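Reviewing the structure listed below.
Nothing in this text is a laboratory measurement; each read-out follows from the coordinates by a stated rule. The structure displayed is predicted, hence computed values, not measured ones. In this analysis, Cβ positions are derived from the backbone assuming ideal geometry, glycine residues included, and neighbour counts consider all displayed protein chains.
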Amino acid sequence: MMRTFRTLIATVRRGEIRWLNYLLASGFALGSDAGLFLLLLDAGLPPMAASAIGYCAGILVHWLISSRLVFADGAAERGTGERHRQKLLFVGSALVGLAITTAIVGVSTAVGLDPRLAKLAAILFSFQTTYLLRRHIVFRAAAA
């Protein structure tokens, strides 16, 4: 009984550490996205193009950190069909996050809420959703 309890506690701690590592990875990805967005704006690129390029860079940074550090134990070997599947699912999860963010900001501002507060709420909800998708679907072996 005590051994089972210890195993449970260790699993919860690993989950907490994974979540914190994912939070850090998200921070780096967001910084890459926003930093590139600002650089491209300063270079004269139209805002929509700068935003799209920044977002794609953020996805790439998040994939690199997530697949090599956060969920390394669930990442498939490079060059395999399974790794390709994980990349596609990862991008799919990013698009789910984008859809959630867009919907929350759109609905919130339509009812008169401040767009900055709406974006903050959207980031929080999108973050948790993409974490769960990536933990339980994209890198499912990592959740075990």
With a sphere of radius 11 Å drawn around the Cβ of Phe71, what net charge do the other residues whose Cβ falls strictly inside it have (Lys, Arg +1; Asp, Glu -1)? +4
Grab the Cα-Cα distance for Ile17 and Leu89, subtract it from 0.36 nm times how many residues apart they are, and report the gain in nm with one decimal. 23.6 nm
Measure off 7 Å from each Cα along the Cα-to-Cβ vector at Leu60 and Ala34, then give the distance between these two points in nanometres to one decimal. 2.1
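With n ≥ 4 as the cut-off for DSSP H runs, can you work out [θ] at 222 nm for the chain, using -39500 (n - 2.57) per run divided by the number of residues, rounded to the nearest 500?
Details: 4 runs with 109 residues, N = 144.
Helices in the chain give a 222 nm mean residue ellipticity of -27000 deg cm²/dmol.
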When the chain is fully extended, how far beyond the present Cα-Cα distance does Lys119 get from Met48, taking 0.36 nm per residue of separation? 23.9 nm
